[in-house]
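Asks: The structure that follows is given in the form of C-alpha coordinates.
The values are calculated or read from the model by the stated rules, or taken from the named source; none is laboratory data. Keep in mind that this is a model prediction, so the values were computed, not measured. In this analysis, Cβ positions are derived from the backbone assuming ideal geometry, glycine residues included, and neighbour counts consider all displayed protein chains. Keep in mind that these areas ignore ligands, DNA and RNA; they rest on the heavy atoms of the full protein, side chains included. Shrake-Rupley method; radii C 1.70, N 1.55, O 1.52, S 1.80 Å.
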Amino acid sequence: MKKVGIIICDRWSSCAGGKCLRSLRRREGAFERYADEEVELVGYTTCGGCPGGNVEYAPAEMKKNGAEVIHLATGLLVGYPPCPHIDAFTRFIPAKYGMEVVLGTHPIPRNYYVTHDSLGSWSTTAWQERIRHVVGDEKTRESYD
(Lines give C-alpha, C1' and ligand atoms only; values in the text may rest on other atoms or scores of the structure.)
Protein backbone atom coordinates (compact mmCIF):
# COMPACT_ATOMS: atom_id res chain seq x y z
CA MET A 1 0.00 0.00 0.00
CA LYS A 2 1.29 3.43 -0.97
CA LYS A 3 0.99 6.02 1.80
CA VAL A 4 0.77 9.64 0.71
CA GLY A 5 0.52 13.08 2.22
CA ILE A 6 -0.95 16.19 0.60
CA ILE A 7 0.21 19.75 1.15
CA ILE A 8 -2.14 22.45 -0.13
CA CYS A 9 -1.67 26.19 -0.65
CA ASP A 10 -2.59 28.18 2.42
CA ARG A 11 -4.81 30.45 0.29
CA TRP A 12 -7.28 27.56 0.45
CA SER A 13 -6.72 26.74 4.11
CA SER A 14 -10.43 26.10 4.60
CA CYS A 15 -10.59 23.68 1.67
CA ALA A 16 -12.23 20.41 2.62
CA GLY A 17 -10.17 18.56 0.02
CA GLY A 18 -13.09 17.49 -2.16
CA LYS A 19 -11.29 17.63 -5.50
CA CYS A 20 -8.09 16.07 -4.15
CA LEU A 21 -9.99 13.25 -2.45
CA ARG A 22 -12.22 12.63 -5.49
CA SER A 23 -9.19 12.41 -7.77
CA LEU A 24 -7.44 10.09 -5.32
CA ARG A 25 -10.49 7.83 -5.18
CA ARG A 26 -10.85 7.85 -8.99
CA ARG A 27 -7.08 7.72 -9.65
CA GLU A 28 -7.25 10.85 -11.80
CA GLY A 29 -4.71 13.62 -12.26
CA ALA A 30 -1.47 13.01 -10.42
CA PHE A 31 -3.02 10.00 -8.69
CA GLU A 32 -3.17 8.06 -11.99
CA ARG A 33 0.28 6.80 -11.05
CA TYR A 34 -1.38 4.60 -8.40
CA ALA A 35 -3.88 2.98 -10.79
CA ASP A 36 -2.85 -0.52 -9.72
CA GLU A 37 -2.10 0.19 -6.06
CA GLU A 38 -3.97 0.68 -2.85
CA VAL A 39 -3.36 4.15 -1.42
CA GLU A 40 -3.79 5.53 2.05
CA LEU A 41 -3.87 9.26 2.72
CA VAL A 42 -1.87 9.74 5.93
CA GLY A 43 -1.65 13.53 6.09
CA TYR A 44 -3.30 16.66 4.73
CA THR A 45 -2.25 20.20 5.60
CA THR A 46 -1.44 23.61 4.21
CA CYS A 47 1.98 24.98 3.40
CA GLY A 48 1.46 27.46 6.22
CA GLY A 49 1.39 30.51 3.97
CA CYS A 50 4.21 32.14 2.05
CA PRO A 51 7.02 31.33 2.12
CA GLY A 52 5.78 27.87 3.20
CA GLY A 53 6.97 27.50 6.78
CA ASN A 54 4.82 24.43 7.37
CA VAL A 55 6.74 22.60 4.64
CA GLU A 56 9.72 22.60 6.98
CA TYR A 57 8.12 20.20 9.47
CA ALA A 58 4.78 18.82 8.16
CA PRO A 59 6.47 16.12 6.05
CA ALA A 60 8.11 14.80 9.23
CA GLU A 61 4.68 14.25 10.82
CA MET A 62 3.41 12.61 7.65
CA LYS A 63 6.49 10.38 7.52
CA LYS A 64 5.76 9.24 11.10
CA ASN A 65 2.41 8.06 9.73
CA GLY A 66 4.20 6.12 6.99
CA ALA A 67 4.06 8.64 4.13
CA GLU A 68 6.39 7.76 1.29
CA VAL A 69 5.23 10.44 -1.14
CA ILE A 70 4.17 14.05 -0.68
CA HIS A 71 1.81 15.51 -3.25
CA LEU A 72 1.97 19.28 -3.58
CA ALA A 73 -1.66 20.01 -4.41
CA THR A 74 -2.86 21.31 -7.73
CA GLY A 75 -3.82 24.58 -6.02
CA LEU A 76 -0.13 25.44 -5.76
CA LEU A 77 0.04 25.21 -9.55
CA VAL A 78 -3.23 26.90 -10.51
CA GLY A 79 -3.53 29.73 -8.01
CA TYR A 80 -2.68 33.15 -9.27
CA PRO A 81 0.10 33.62 -9.19
CA PRO A 82 1.25 30.01 -9.12
CA CYS A 83 3.30 29.21 -6.03
CA PRO A 84 6.64 31.00 -6.26
CA HIS A 85 8.18 28.54 -3.78
CA ILE A 86 7.22 25.25 -5.42
CA ASP A 87 10.72 24.52 -6.73
CA ALA A 88 12.19 25.07 -3.27
CA PHE A 89 9.62 22.65 -1.81
CA THR A 90 10.43 20.00 -4.41
CA ARG A 91 14.12 20.23 -3.51
CA PHE A 92 13.74 20.55 0.27
CA ILE A 93 11.40 17.66 1.04
CA PRO A 94 13.50 14.93 -0.62
CA ALA A 95 16.74 16.41 0.75
CA LYS A 96 15.46 16.69 4.33
CA TYR A 97 13.11 13.71 4.55
CA GLY A 98 14.09 11.36 1.71
CA MET A 99 10.54 11.42 0.40
CA GLU A 100 9.38 11.65 -3.19
CA VAL A 101 7.49 14.79 -4.19
CA VAL A 102 4.80 14.79 -6.87
CA LEU A 103 3.47 18.04 -8.26
CA GLY A 104 -0.30 18.04 -8.30
CA THR A 105 -3.28 16.15 -7.04
CA HIS A 106 -6.53 16.62 -8.96
CA PRO A 107 -6.75 17.53 -12.65
CA ILE A 108 -6.64 21.24 -13.40
CA PRO A 109 -10.18 22.66 -13.46
CA ARG A 110 -11.16 24.07 -16.84
CA ASN A 111 -11.65 27.65 -15.57
CA TYR A 112 -8.07 27.75 -14.23
CA TYR A 113 -6.71 26.14 -17.38
CA VAL A 114 -8.38 28.75 -19.61
CA THR A 115 -7.16 31.65 -17.47
CA HIS A 116 -3.56 30.48 -17.23
CA ASP A 117 -3.50 29.54 -20.90
CA SER A 118 -4.59 33.06 -21.89
CA LEU A 119 -2.03 34.60 -19.48
CA GLY A 120 0.78 32.35 -20.71
CA SER A 121 1.51 31.29 -17.13
CA TRP A 122 2.52 27.81 -18.15
CA SER A 123 4.17 28.52 -21.51
CA THR A 124 7.72 27.65 -20.46
CA THR A 125 9.17 24.17 -20.64
CA ALA A 126 9.63 24.21 -16.86
CA TRP A 127 5.93 24.93 -16.23
CA GLN A 128 4.84 22.37 -18.81
CA GLU A 129 6.85 19.81 -16.85
CA ARG A 130 5.33 20.95 -13.53
CA ILE A 131 1.73 20.58 -14.72
CA ARG A 132 2.14 17.45 -16.85
CA HIS A 133 0.47 15.10 -14.34
CA VAL A 134 -2.61 17.28 -13.91
CA VAL A 135 -3.38 18.78 -17.33
CA GLY A 136 -5.92 16.12 -18.26
CA ASP A 137 -8.23 16.46 -21.21
CA GLU A 138 -10.98 19.02 -21.77
CA LYS A 139 -13.78 16.77 -20.48
CA THR A 140 -11.87 15.94 -17.29
CA ARG A 141 -10.92 19.60 -16.71
CA GLU A 142 -14.57 20.56 -17.09
CA SER A 143 -15.64 17.93 -14.55
CA TYR A 144 -13.33 19.57 -11.95
CA ASP A 145 -14.74 23.11 -12.40
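Asks: If you find the alpha carbon centre of the range 1-44 and of the range 129-145, how far apart are they in angstrom?
Replies: If you average the Cα positions of each part, the centres end up 15 Å apart.
Asks: On the protein heavy atoms, probe 1.4 angstrom, tell me the percent of accessible surface of the chain carried by carbon and sulfur.
Replies: On the way: 3570 of 7400 Å².
With neighbouring chains kept in place, the figure for the chain is 48 percent.
Asks: Then there's this: Taking the Cα centre of the range 1-122 as origin and charging only Cβ (+1 Lys, Arg; -1 Asp, Glu), how large is the dipole, in debye to the nearest 20? Provide the component values of the computation, followed by the final result.
Replies: Numbers: 14 positive and 13 negative charges, 38 e Å.
The dipole magnitude comes to about 180 debye.
Asks: What does the charge count around Leu21 come to, taking other residues whose C-beta lies under 14 Å from its C-beta (Lys +1, Arg +1, Asp -1, Glu -1)?
Replies: +3
Asks: For Tyr113, tell me the accessible area in Å² from a 1.4 Å probe, rounded to the nearest 10.
Replies: Around 60 Å² of this residue is reachable by solvent.
Asks: If you don't mind, there's one more thing I want to ask. With unit charges on the beta carbons (Lys and Arg positive, Asp and Glu negative) and the dipole taken about the Cα centre of the range 7-85, which residue among Asn54, Ala16, Phe31 sits farthest to the positive side?
Replies: Ala16
Asks: So what J values fall out for the range 110-118 if you push phi through Karplus, 6.51 cos²θ - 1.76 cosθ + 1.60 with θ = phi - 60°, rounded to Hz, Gly and Pro as x?
Replies: 3, 4, 6, 4, 4, 4, 5, 5, 5
Asks: What label, among (1) 33, 18, 16; (2) 42, 18, 12; (3) 22, 18, 13, belongs to semi-axes √(5λ) of the Cα gyration tensor in Å computed from the structure on display?
Replies: Among (1) 33, 18, 16; (2) 42, 18, 12; (3) 22, 18, 13, the one derived from this structure is (3).
Asks: In addition: Rolling a 1.4 angstrom probe over the protein heavy atoms, how many square angstrom per residue are accessible across the chain?
Replies: Details: 7400 Å² over 145 residues.
Ligands and nucleic acids excluded, the figure is 51 Å² per residue.
Asks: Here's something else I'd like to know. Starting from the amide H of Gly48, placed 1.01 Å from N in the peptide plane, find each other amide H under 5 Å away whose residue is 5 or more places distant or on another chain.
Replies: Amide H neighbours of Gly48: Asp10, Asn54.
Asks: Now, a different point. Among Ile86, Thr45, Leu76, which residue has its Cα positioned farthest towards the positive end of the charge dipole of the chain, with +1 placed on the Cβ of Lys and Arg, -1 on the Cβ of Asp and Glu, and the dipole taken about the Cα centre?
Replies: Thr45
Asks: For Lys139, list the lysines whose Cα falls under 24 Å from its own Cα; do not include residues on the same chain fewer than 8 positions away.
Replies: Partners within reach: Lys19.
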